[in-house]
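J.: Mind looking over this structure? Questions follow.
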Protein chains: 2
Amino acid sequence: MSIIVQKYGGTSVVDAERIQAVATRVGASKNAGNQVVVVVSAMSGETNRLLDLAKTISKRPSRREIDVLLATGEQVTIALLCMALHQLGLKAISYTGSQVKILTDNAHSKARILSIDESKIIRDLDKDHIVVIAGFQGVDEHGNITTLGRGGSDTSAVALAAALNADECQIYTDVDGVYTTDPRVVPEARRMAHITFEEMLEMASSGSKVLQIRAVEFAGKYNVPLRVLSSFEQGDGTLISLEENNMEDAVISGIAFTKDEAQLTIRGIPDEPGIAYKILGPIADADIEVDMIVQNASQESYANFTFTISRNDLDSAKEILQKIKDELGAEEVVHNSNIAKVSLVGVGMRSHAGIASKMFAALAAENINILMISTSEIKISVIVDEKYLELVVRTLHHTFDLADESQN
Amino acid sequence: MSIIVQKYGGTSVVDAERIQAVATRVGASKNAGNQVVVVVSAMSGETNRLLDLAKTISKRPSRREIDVLLATGEQVTIALLCMALHQLGLKAISYTGSQVKILTDNAHSKARILSIDESKIIRDLDKDHIVVIAGFQGVDEHGNITTLGRGGSDTSAVALAAALNADECQIYTDVDGVYTTDPRVVPEARRMAHITFEEMLEMASSGSKVLQIRAVEFAGKYNVPLRVLSSFEQGDGTLISLEENNMEDAVISGIAFTKDEAQLTIRGIPDEPGIAYKILGPIADADIEVDMIVQNASQESYANFTFTISRNDLDSAKEILQKIKDELGAEEVVHNSNIAKVSLVGVGMRSHAGIASKMFAALAAENINILMISTSEIKISVIVDEKYLELVVRTLHHTFDLADESQN
């Protein structure tokens, strides 16, 4: 008998009707002979409703109490889903994060899972129950309620699948799988049947919103086969697993993009050792994550130093740089928030030379200026002016034949 | 330093503004030098909202899952109240029923408290924290979430006060104390400064809605001084405690009444031993509680058997009696739901004869027919036609001089 963990997000459980539809789907998997564990999020809108309540009382509410507050969202869903499963004549039992001891550290609002006590779950599965567990939440060693941060239900599901040694972790969402790129930008974008953990990780960290990075990392670490499917339509979705031989044919899997970044440049700094550290040290101290970095020496031993950060952090970063500008002997600090990042992802890149040059040639043919470039073993990212974003994505999708079904 | 347990009901925490007002009141008690534990209910309306959600999914939802669902109501309130206390610069920490191990039996939706682990609470009080605890909920020995039933937050507060050996348990509500009778019926009704546990218990079980019976029983059993106050106005409210000498002056403390009952009569049954059991056995088996019972033998060894029950149970009780009517050899079953029960309560009755005759004389003078009578050591109850209710209450209030301030 297979153990399947299914995770349903907020839009899949937004009202009674949708919850009943989820119950039907869960029941089908159970009746097909699987042992089924279900992880659910709060009903869509509920988390924001609770946060709004908190904001009317305090501008900076305690993170411990925010977690107590938000954890009620999933608790409501697990109870309602069990009732819907009972209506279908199925045995089902609900558990909060505390009840199955999803032990986390005590970093309220962004806790990390340390362990799960799977004994209760296994006992109930063996008694033919469907086990319904609140996602997004856990408990620290002192019994305080913690939450994993937005999207944490994906992580809960993968962690449970790992603890239970499940055969598959199915993430039900409002899209029917992972696409070669966003179909709203490129209509001929194609749903991928398979993708590797590594590729999915690069896609997610480059802007694809389908799955949370932490959930993919977790799945890769424990080799939990992950499947993304639609809660609303039938279909096989996209399976995310370890690299397989038949995947090597595809050089490029997909194109991810994001407009969430901003670029900062410090002009005219003395080209001396230690400059990068002097600039990025204070930035890191302020908990600002830096993505791409370029340092180009110019004439007369002066250099320009450019890096990108999340657009949300732009104001704080600018403030820090203004403070250290004189100390660095820099000329000026400029920024650009009208940028977009486009990333080409594929494990096949490892064994194929010339991907980068093919990419740059295609962009040059369209007269698109590349502002920054960064590469990893299975990814090439470029920063371009935001207004070219759609053009770049479409051009690359076409250049690398991603719509071609035979690639899959 | 005194330990005070304060309990605020749903209307006292219905929105952010009210929660802030509660925080101010709690803070005042803390700043006056007390160690304060606060027990809160769900925001008014929230429990019904959750029950409605459940009903859209299932007509007979599992009681275990209903408890999981409803327990979120108080969890929201404890988090919000802590945020409001923090805003006032006070240290505060919230706990669910599970977190402070309010251990109950496993009778979901009407669980009884078995014990409380007070260690965490005492540790936090000693660290100068206000401890905010979710009322109405607990946890069974297997870690399942339980609830105590409607109004259970009063019981939570009293149980916590008993466990902490608190100096006073203050129940904040939307009335400013316990009155000699309902001021909507008798405008000159007077707030009592003191009342005994026994009297309060009789008042509550006779229809006074101010406090839950179980909470008063609990307080009496553990001798926890209980005070009923208004959350909206200043004032000393009513203190409920053990009998004191100065209380003996008052013969009658108050008048309670209810229209929640219905009367059932089985006519023409053979007047034989065991008849009462044959009738009330099946009623008890159906979990229907019987209040007053009268059996009057009539001529020719046939008797009439009359009893009262909660009006909600009338249909089920009628059904049961129809089934056993022939077996009993009874003539017919009749019912009357247009009745009201009025009860005169007072510990002074014990030492004063003639209260009953004074009461009956007053009603006779008004030409009011008494349908049934029942007495206890400190209470006399009569059943009258519902249309006379207000007249009976006003007459008795006047007859026993309850508006007289010197009684207090």
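The values are calculated or read from the model by the stated rules, or taken from the named source; none is laboratory data. Since the model is a prediction, treat every value here as computed from it, not as a measurement. Cβ atoms come from the backbone with ideal geometry, glycine included; neighbour counts cover every protein chain shown.
J.: For the condition more than 14 Å from chain B (Cβ to nearest Cβ), in contact with a helix residue (DSSP H, G or I) (Cβ under 6 Å, 6 or more places away or on another chain) and among the β-branched types (Val, Ile, Thr), what is the one hit in A:VAL132, A:VAL186?
T.: Numbers: A:VAL132 fails: more than 14 Å from chain B (Cβ to nearest Cβ).
Within the list A:VAL132, A:VAL186, the selection yields A:VAL186.
J.: Then there's this: Here are some conditions: (1) outside any strand (DSSP E or B); (2) modelled with pLDDT of 90 or more; (3) buried (at least 22 other Cβ atoms within 10 Å of the Cβ). B:PRO282 meets all but one. Which one does it not meet?
T.: So B:PRO282 meets the others, but not (3).
J.: Scanning segment B:347-385 for residues that are charged (D, E, K, R) and within 22 Å of the chain's Cα centre (by Cα), which turns out surrounded by the fewest Cβ atoms within 10 Å (Cβ to Cβ)? It would help to see each step written out before you state the result.
T.: Taking segment B:347-385 and keeping what is charged (D, E, K, R), we get B:350, B:358, B:366, B:377, B:379, B:385.
Now restrict to residues that are within 22 Å of the chain's Cα centre (by Cα): B:377, B:379.
On the way: B:GLU377: 9, B:LYS379: 22.
The residue in question is B:GLU377.
J.: Which one of B:ALA330, B:ALA340, B:ALA317 is buried (at least 19 other Cβ atoms within 10 Å of the Cβ) and either assigned to a loop (DSSP other than H, G, I, E, B) or touching a Cys at 6+ places or on another chain (Cβ under 9 Å) (or both)? Spell out the reasoning first.
T.: Numbers: B:ALA340 fails: either assigned to a loop (DSSP other than H, G, I, E, B) or touching a Cys at 6+ places or on another chain (Cβ under 9 Å) (or both); B:ALA317 fails: either assigned to a loop (DSSP other than H, G, I, E, B) or touching a Cys at 6+ places or on another chain (Cβ under 9 Å) (or both).
On inspection, the qualifying residue turns out to be B:ALA330.
J.: Looking only at segment B:147-178, how many residues end up being of a type in the set (Ser, Thr, Tyr), surrounded by 24 or more Cβ atoms within 10 Å (Cβ to Cβ) and within 14 Å of the chain's Cα centre (by Cα)?
T.: Residues flagged as of a type in the set (Ser, Thr, Tyr), surrounded by 24 or more Cβ atoms within 10 Å (Cβ to Cβ) and within 14 Å of the chain's Cα centre (by Cα) within segment B:147-178 amount to 3.
J.: Out of (1) under 20 Å from A:LYS341 (Cα atoms); (2) free of Cβ contacts under 8 Å to residues at least 60 places away in the same chain; (3) out of contact with any Phe, Trp or Tyr (no Cβ under 6 Å at 6 or more places or on another chain), what's the single condition that is false for A:THR308?
T.: Unmet condition: (2).
J.: Among the residues of segment B:5-21, what is the count of those that are modelled with pLDDT of 95 or more and either surrounded by fewer than 23 Cβ atoms within 10 Å (Cβ to Cβ) or part of a loop (DSSP other than H, G, I, E, B) (or both)?
T.: Qualifying residue count, segment B:5-21: 7.
J.: If you don't mind, another one. Could you tell me whether A:LEU51 is surrounded by fewer than 23 Cβ atoms within 10 Å (Cβ to Cβ), touching a residue at least 12 places away in the same chain (Cβ under 8 Å), within 14 Å of chain B (Cβ to nearest Cβ) and assigned to a helix (DSSP H, G or I)? Please lay out each step first, then the result.
T.: Values: surrounded by fewer than 23 Cβ atoms within 10 Å (Cβ to Cβ): yes; touching a residue at least 12 places away in the same chain (Cβ under 8 Å): yes; within 14 Å of chain B (Cβ to nearest Cβ): yes; assigned to a helix (DSSP H, G or I): yes.
The answer is yes for A:LEU51.
J.: Please find, among A:LYS127, A:LYS120, the residue that is surrounded by fewer than 19 Cβ atoms within 10 Å (Cβ to Cβ) and more than 13 Å from every other protein chain (Cβ to nearest Cβ).
T.: Values: A:LYS120 fails: more than 13 Å from every other protein chain (Cβ to nearest Cβ).
Selected residue: A:LYS127, the only one of A:LYS127, A:LYS120 that is surrounded by fewer than 19 Cβ atoms within 10 Å (Cβ to Cβ) and more than 13 Å from every other protein chain (Cβ to nearest Cβ).
J.: To continue, here is another question. Within segment A:70-117, how many residues turn out to be crowded, with 23+ Cβ neighbours inside 10 Å, over 15 Å from B:GLU65 (Cα atoms) and more than 24 Å from the chain's Cα centre (by Cα)?
T.: Matching residues across segment A:70-117 total 2.
J.: Only residues that are surrounded by 18 or more Cβ atoms within 10 Å (Cβ to Cβ), within 14 Å of chain A (Cβ to nearest Cβ) and assigned to a loop (DSSP other than H, G, I, E, B): list them for segment B:22-48, please.
T.: Of everything in segment B:22-48, those that are surrounded by 18 or more Cβ atoms within 10 Å (Cβ to Cβ), within 14 Å of chain A (Cβ to nearest Cβ) and assigned to a loop (DSSP other than H, G, I, E, B) turn out to be B:ALA42, B:MET43.
J.: For the subset of segment A:251-277 comprising residues that are small (Gly, Ala, Ser) and in contact with a strand residue (DSSP E or B) (Cβ under 9 Å, 6 or more places away or on another chain), which member is nearest to A:LYS318 (Cα to Cα)? If you could, list the steps in order and put the result at the bottom.
T.: Within segment A:251-277, the first condition is being small (Gly, Ala, Ser), and the residues that meet it are A:253-254, A:256, A:262, A:268, A:274, A:276.
Then drop every residue that is not in contact with a strand residue (DSSP E or B) (Cβ under 9 Å, 6 or more places away or on another chain), which leaves A:253-254, A:256, A:262, A:268, A:276.
On the way: A:SER253: 36, A:GLY254: 33, A:ALA256: 27, A:ALA262: 11, A:GLY268: 16, A:ALA276: 16 Å.
Restricting to residues being small (Gly, Ala, Ser) and in contact with a strand residue (DSSP E or B) (Cβ under 9 Å, 6 or more places away or on another chain), the top hit is A:ALA262.
J.: Right, next: Mind telling me which of the residues A:ALA111, A:ALA79, A:ALA71, A:ALA107 ends up being at pLDDT below 95 and touching a strand residue (DSSP E or B) at 6+ places or on another chain (Cβ under 6 Å)? Working first, answer last.
T.: On the way: A:ALA79 fails: at pLDDT below 95; A:ALA71 fails: at pLDDT below 95; A:ALA107 fails: touching a strand residue (DSSP E or B) at 6+ places or on another chain (Cβ under 6 Å).
Just a single option satisfies the conditions, and that option is A:ALA111.
J.: Here's another thing I want to ask about it. If only one of B:ALA92, B:ALA84, B:ALA71 is facing another protein chain (nearest Cβ under 9 Å) and in contact with a His (Cβ under 7 Å, 6 or more places away or on another chain), which one is it? Steps first, please.
T.: Values: B:ALA84 fails: in contact with a His (Cβ under 7 Å, 6 or more places away or on another chain); B:ALA71 fails: in contact with a His (Cβ under 7 Å, 6 or more places away or on another chain).
Result: B:ALA92 is the single residue among B:ALA92, B:ALA84, B:ALA71 that is facing another protein chain (nearest Cβ under 9 Å) and in contact with a His (Cβ under 7 Å, 6 or more places away or on another chain).
J.: Can you work out which of the residues in segment A:393-408 that are without any contact (Cβ under 8 Å) to a residue 60 or more places away in the chain and not in a loop (DSSP other than H, G, I, E, B) is surrounded by the most Cβ atoms within 10 Å (Cβ to Cβ)?
T.: A:THR395
J.: Within segment A:112-134, track down each residue that is more than 19 Å from A:GLY9 (Cα to Cα), in contact with an Asp or Glu (Cβ under 8 Å, 6 or more places away or on another chain) and among the aliphatic types (A, V, I, L, M).
T.: A:LEU114, the sole residue that qualifies.
J.: Shifting gears a bit: All but one of (1) more than 14 Å from B:VAL39 (Cα to Cα); (2) within 14 Å of chain A (Cβ to nearest Cβ) hold for B:ARG191; which doesn't?
T.: Evaluating B:ARG191 over (1) more than 14 Å from B:VAL39 (Cα to Cα); (2) within 14 Å of chain A (Cβ to nearest Cβ) leaves (2) as the failure.
J.: Looking at (1) surrounded by 15 or more Cβ atoms within 10 Å (Cβ to Cβ); (2) within 30 Å of B:THR306 (Cα to Cα); (3) without any contact (Cβ under 8 Å) to a residue 40 or more places away in the chain, which is the only condition B:TYR277 fails?
T.: The number of the failed condition is (1).
J.: Collect the residues in segment A:135-152 that are in a strand (DSSP E or B) and either on the phi > 0 side of the Ramachandran plot or touching a helix residue (DSSP H, G or I) at 6+ places or on another chain (Cβ under 7 Å) (or both), keeping them in residue-number order.
T.: Initially, segment A:135-152 is screened for residues in a strand (DSSP E or B), giving A:137-139, A:145-147.
Passing the criteria: A:GLN137, A:ILE145, A:THR146, A:THR147.
J.: What about A:GLY97, is it of a type outside the set (Val, Ile, Thr), within 11 Å of A:THR147 (Cα to Cα) and more than 8 Å from chain B (Cβ to nearest Cβ)?
T.: Numbers: of a type outside the set (Val, Ile, Thr): yes; within 11 Å of A:THR147 (Cα to Cα): yes; more than 8 Å from chain B (Cβ to nearest Cβ): yes.
When the stated conditions are applied, A:GLY97 passes them.
J.: Quickly run through segment A:100-117 and pick out the residues that are away from every other protein chain (no Cβ under 12 Å) and closer than 18 Å to A:VAL38 by Cβ.
T.: A:ILE102, A:ILE113, A:ILE116 - these are the residues of segment A:100-117 that are away from every other protein chain (no Cβ under 12 Å) and closer than 18 Å to A:VAL38 by Cβ.
J.: Within segment A:351-364, which residues are in a helix (DSSP H, G or I) and touching a residue at least 24 places away in the same chain (Cβ under 8 Å)?
T.: Taking segment A:351-364 and keeping what is in a helix (DSSP H, G or I), we get A:351, A:355-364.
Of everything in segment A:351-364, those that are in a helix (DSSP H, G or I) and touching a residue at least 24 places away in the same chain (Cβ under 8 Å) turn out to be A:SER351, A:ILE355, A:ALA356, A:LYS358, A:MET359, A:ALA362, A:LEU363.
J.: Can you tell me which residues in segment A:54-65 are touching a residue at least 12 places away in the same chain (Cβ under 8 Å) and more than 7 Å from chain B (Cβ to nearest Cβ)?
T.: Answer for segment A:54-65, where residues must be touching a residue at least 12 places away in the same chain (Cβ under 8 Å) and more than 7 Å from chain B (Cβ to nearest Cβ): A:ARG63, A:ARG64.
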